[in-house]
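Participant: Encoded as structure tokens, here's the structure I'll be asking about.
The values are calculated or read from the model by the stated rules, or taken from the named source; none is laboratory data. Predicted model only: the values in this text are computed from it and were never measured. Every residue, glycine among them, receives a Cβ derived from its backbone with ideal geometry; neighbour counts consider all protein chains shown. The area values use the complete protein model at the heavy-atom level, side chains included, leaving out ligands, DNA and RNA. Shrake-Rupley method; radii C 1.70, N 1.55, O 1.52, S 1.80 Å.
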Amino acid sequence: MRLLVTREDYYEAAMAILGSEGAGRLKVTTLCKALKVTTGSFYGYFGSLDGFIDEFLAYWEDSQTKRIVLMANAPDDPAERIHLLKELGSTLPHAAEGAIRSWAHTNPKVAEMQKKVDDRRLKALIQVLRPASASAQEARVLGTMAMTLLVGLQQWRQPVSKKDFNMLFNEFERIVRSKMSAVAADV
């Protein structure tokens, strides 16, 4: 048995379980077995599986959305921001994200967080894509396309390979950069 684990250890174990076995296997005993700890450790941190799920979903939103948005907004150059956002998107835990999306169909709490994450990601995409677009509407369409590509890829293929991700998002980046050039030429 391990003597010390952190909340983050539990969250990372949950991501691994979701990605490999799905939401149906996300149970207290499965988490504790993966971390080689007693259930007392789990209950000491979270009190219940529902308490864990609440904290886990907040962790997922923060680590896979808020962090990426902050990092992608760091460069001043819009082309660099678009490229960085693509690179960061490639590092998402795609299998776990696909499992969370499936889980959202049967769990209202997960569905609520999934919607919040999707809305936040779309808003961030629109913000990053706006300088490359002729209008706010075009930025919204491009952002929606990017979200659809990501979600579709995560639902279509597991595991999501770097090759498949790049096939789609390198082309998307090329399209956005050509739109950016056209917008700059019109100015």
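Participant: For segment 94-112, state whether one or more residues are modelled with pLDDT of 90 or more and over 19 Å from residue 26 (Cβ atoms).
Facilitator: There is no residue in segment 94-112 that is modelled with pLDDT of 90 or more and over 19 Å from residue 26 (Cβ atoms).
Participant: Criterion first (modelled with pLDDT of 95 or more, touching a Ser or Thr at 6+ places or on another chain (Cβ under 8 Å), more than 22 Å from residue 17 (Cα to Cα) and open to solvent by less than 60 Å² (accessible area, probe 1.4 Å)) does residue 142 satisfy it?
Facilitator: The answer is yes for residue 142.
Participant: Every residue in segment 22-43 that is closer than 17 Å to residue 110 by Cβ, free of Cβ contacts under 8 Å to residues at least 12 places away in the same chain and in contact with a helix residue (DSSP H, G or I) (Cβ under 8 Å, 6 or more places away or on another chain), please.
Facilitator: 25
Participant: Report whether or not residue 136 is of a type in the set (A, V, I, L, M, F, W, C), surrounded by 13 or more Cβ atoms within 10 Å (Cβ to Cβ) and more than 26 Å from residue 58 (Cα to Cα).
Facilitator: So residue 136 fails the test.
Participant: Which residue pairs have Cβ atoms under 9 Å apart, sit 6 or more places apart or on different chains, and have a first residue in segment 150-178 that is without any contact (Cβ under 8 Å) to a residue 60 or more places away in the chain and a second that is among the charged types (D, E, K, R) and not in a helix (DSSP H, G or I)?
Facilitator: Sorted first by the residue in segment 150-178, then by its partner, the pairs are 164/157.
Participant: Also: Given the criterion out of contact with any His (no Cβ under 9 Å at 6 or more places or on another chain), open to solvent by less than 50 Å² (accessible area, probe 1.4 Å) and at pLDDT below 95, identify the matching residue among 68, 53, 17.
Facilitator: The match here is 68.
Participant: Okay, next question. What are the pairs, 6+ residues apart or on separate chains, where a residue within segment 82-111 that is without any contact (Cβ under 8 Å) to a residue 12 or more places away in the chain has its Cβ under 8 Å from a residue that is outside any helix (DSSP H, G or I) and open to solvent by 30 Å² or more (accessible area, probe 1.4 Å)?
Facilitator: 111/105
Participant: Among the helices (runs of 4 or more DSSP H) confined wholly to segment 1-115, which include 1 or more residues that are within 20 Å of residue 151 (Cα to Cα)?
Facilitator: 7-21, 49-61, 67-72, 78-90, 94-103
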